[in-house]
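We did not get these values from a lab; they are worked out from the coordinates using the rules stated. Only a predicted model underlies this, so the values are computations on that prediction, with no experimental measurement involved. Here Cβ is always computed from backbone atoms with ideal geometry, including for glycine, and neighbour counts include all displayed protein chains.
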Amino acid sequence: MSADHNPARRRLLKGGTAAAALMLSGCDRLSETDWFRQMLASVEGLNLRIQRALGRGHELAAEYTAADLSPVFKVNGNDDAEDDAYQRTSENQFADWKLEVGGLVERPLQLSLADLRALPSRTQITRHDCVEGWSCIGKWTGARLAPILEQARLKPEARYIVFHCADTMPSWKGPQPYYESIDLDDAFHEQTILAYDMNDQPLPIAHGAPIRLRAERHLGYKQAKFVMKLEAVTSFKNIGDGNGSYWADQGYSWYAGI
Amino acid sequence: MSAAPETETAVAAPSRPARRTIIVRHPLVIRITHWVNVLGLSVMLMSGLQIFNAHPALDWGNISTFEHPFLSMTAMMGADGKPVGVTTVFGHSFNTTGVLGLSTSEGRPTARGFPDWATIPSYQDLATGRVWHFFFAWVLVLNGLVYLFYALASRHVWRDLIPSGAQLRHIGRDILDHARFRFPKGEAAKHYNVLQKLAYLGVIFVVLPLIVLAGLCLSPQVGADYPWLVALFGGRQSARTIHFLCATALVLFVLVHVFMVLVSGVWNNLRSMITGRYVIEGEAHER
């Protein structure tokens, strides 16, 4: 290596470091620029369509055996709901709790926990994948959502089922009610249940008593806890900030299959 | 580069210049896909570290063992009441304050796996890291398909990447030459050497496909579509670990690659990847 190449190499390295620093601060600025963020997020619909198309015909999430259960199922998000009405019904073991099924349905329903337990149910041992990266395996028993929606008779214009929850989450605007939504493909999926039992026990409050949604082909944030009300809608534009869920309003993708 | 050695031969034949030929080393498609890779892999690595920071631990199997992952980066209180960053690998803990587990971010010591200069965005923001990651995943996959189509159709794979039997037989000599920073000149410099070929083939046909498949296994929808694929990786947490290890392998490859570019004629190499032109220096006293 001859000496005359060293200054050039040094200049190059220096230039490279400066360019890297510039790229870093540039990435932060781009992250906060509306058009750029929309461009990045624009692949969400593509991911949904491609993944659904590839999965057609064999679309049940993997189910496990009792031997695979996580010794401790991590509690994430809220471990209780502060709402007064929720606290009262929780103290009462949810004896007076009623799930409201409304919105674009022919027959709005009010279902008690006993009503739900009497409906067609499903038990599944599935893997819960948190968006943070960890996984836990739990056993869930609950009422299948499809027969409930058939009973309530969706109006033809219904496209999504919105889950309104009793808990609130922080946001830059102050506390926001937790909500989630799924499309009809998920709503009528065989493994989509309103779980009232977890690991053969009544669903603990920390995991969303009296019921939590299990939509098994999605990440953990889709599995809404403390569900109080189902609402069939054509669009979720007028709920929350209009992105379809509390987490989608915080910048996460509405489609939680990835 | 071709400074004449101060020997008798230099005196004996002073006026004979080194033979210099210019070849087109890299075709346009390779040059474009190379630089898209530079951008795409950088963004994937740094947004990936952002995502990793949301749960800076690695496990094997399907589920997470929150108590004993085989790798973790945490912040804890030191004996002197000051926070320290601790990285634990297979039960052995190391103080990694300032880099892993605990580092300064926005002026404050912050508990985070990788430091802010290594992540996109620099501050902790999983949602934003994810949109970067999933967008550039498509950029890289499409770029990779263009490359692959070209490399197969133009026979680049067979012509330039698959080592010949003779090259493989002399791999020992090649390793020694590399260790002494002695690089081929003349005719031999027109082709990739055997270590280069094996490294490129390994990255293109082993590490990159593996990192894509392991990444797909992290998606619960893909897990539902192809449970056998997740099982093949040993479970979702194993797939996450393999995804991380493949990224580590790519980082090591890039470090060696950039180092080799720097020591084997940086401007010549860079020019050949920008304009395509590469200068072959003939040996000054051939034949």
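Odds and ends about this structure:
- Gyration tensor verdict on region B:67-118 (Cα atoms; rounded if a/c is under 1.5, prolate if a/b is larger than b/c, oblate otherwise): oblate
- Fully extended contour minus Cα-Cα distance, from B:Val279 to B:Ala188, at 0.36 nm per residue: 31.5 nm
- Cross-link partners of A:Lys173 among aspartates and glutamates, defined as those whose alpha carbon lies under 12 angstrom from its own and excluding same-chain residues fewer than eight positions apart: A:Asp241, A:Asp249.
- In order along region B:182-197, the phi-based Karplus estimate (6.51 cos²θ - 1.76 cosθ + 1.60, θ = phi - 60°) of 3J(HN,Hα) comes to 9, 10, x, 10, x, 3, 5, 6, 6, 10, 5, 7, 5, 5, 4, 4 Hz; Gly and Pro are listed as x.
- Local electrostatic count, B:Asn193, Cβ distance below 14 Å [Lys/Arg +1, Asp/Glu -1]: +4
- Under the Karplus curve 6.51 cos²θ - 1.76 cosθ + 1.60, θ = phi - 60°, whole-Hz ³J(HN,Hα) for region A:119-132, x wherever Gly or Pro sits: 7, x, 10, 9, 10, 8, 9, 10, 9, 9, 9, 6, 4, 5
- Model label points for A:Ser112 and B:Leu152, set 7 angstrom from Cα along the Cα-to-Cβ axis, are 6.4 nm apart.
- Antiparallel bridges, percent of DSSP beta bridges restricted to region A:62-249 (to nearest 5): 90 percent
- For residues of A:119-129, the mean tally of beta carbons on other chains within 10 Å: 2
- Cα centroid separation - region B:97-145 against region A:194-216, whole Å: 34 Å
- Extension gain, B:Trp138-B:Arg31: 0.36 nm per intervening residue step, less the Cα-Cα distance, totals 36.6 nm.
- Residues B:Arg182, A:Arg153, A:Arg127, sorted so that the one with the fewest Cβ neighbours within 10 Å comes first: B:Arg182, A:Arg153, A:Arg127
- Amide proton proximity set for A:Arg212, modelled H, under 5 Å, gap of 5+: A:Ala195
- Separation of region A:109-154 and region B:54-78, taken as the distance between their Cα centroids, equals 30 angstrom.
- Amide N of region B:220-255 lying under 19 Å from the label point, which is placed 7 angstrom from the Cα of B:Leu71 along Cα→Cβ: B:233-255
- Between B:Trp228 and B:Ser93, the contour length at 0.36 nm per residue exceeds the alpha carbon distance by 45.1 nm.
- Two-site FRET efficiency, A:Asp28 against A:Asp185, from Cβ-Cβ distance with R₀ of 35 Å, rounded to 0.05: 0.45
- Average beta carbon contacts from partner chains per residue of B:114-124, 10 Å cutoff: 3
- Distance between region B:180-250 and region A:31-65 - C-alpha centres, whole angstrom: 23 Å
- Of A:Gln38, A:Gln151, A:Gln110, the one that fluctuates the most in a GNM where chain A has Cα springs shorter than 10 Å: A:Gln38
- In plain terms, the residue of B:Ile32, A:Ile211 with the fewest other Cβ atoms within 10 Å comes first and the most crowded comes last, giving B:Ile32, A:Ile211.
- Amide H contacts under 5 Å for A:Ile137, placed H, 5+ residues apart: A:Ser70, A:His128
- Each of B:Phe52, B:Phe94, B:Phe244, B:Phe135 was scored by other Cβ atoms within 10 Å of its Cβ. Listed from fewest to most, they are B:Phe94, B:Phe244, B:Phe135, B:Phe52.
- Helix-derived mean residue ellipticity, 222 nm - over the protein assembly as shown, DSSP H n ≥ 4, -39500 (n - 2.57), to 500: -12000 deg cm²/dmol
- In range of the label at A:Ala85: residues from region A:216-258 whose backbone nitrogen is under 18 Å from the point 7 Å along Cα→Cβ: A:225-232, A:239-240
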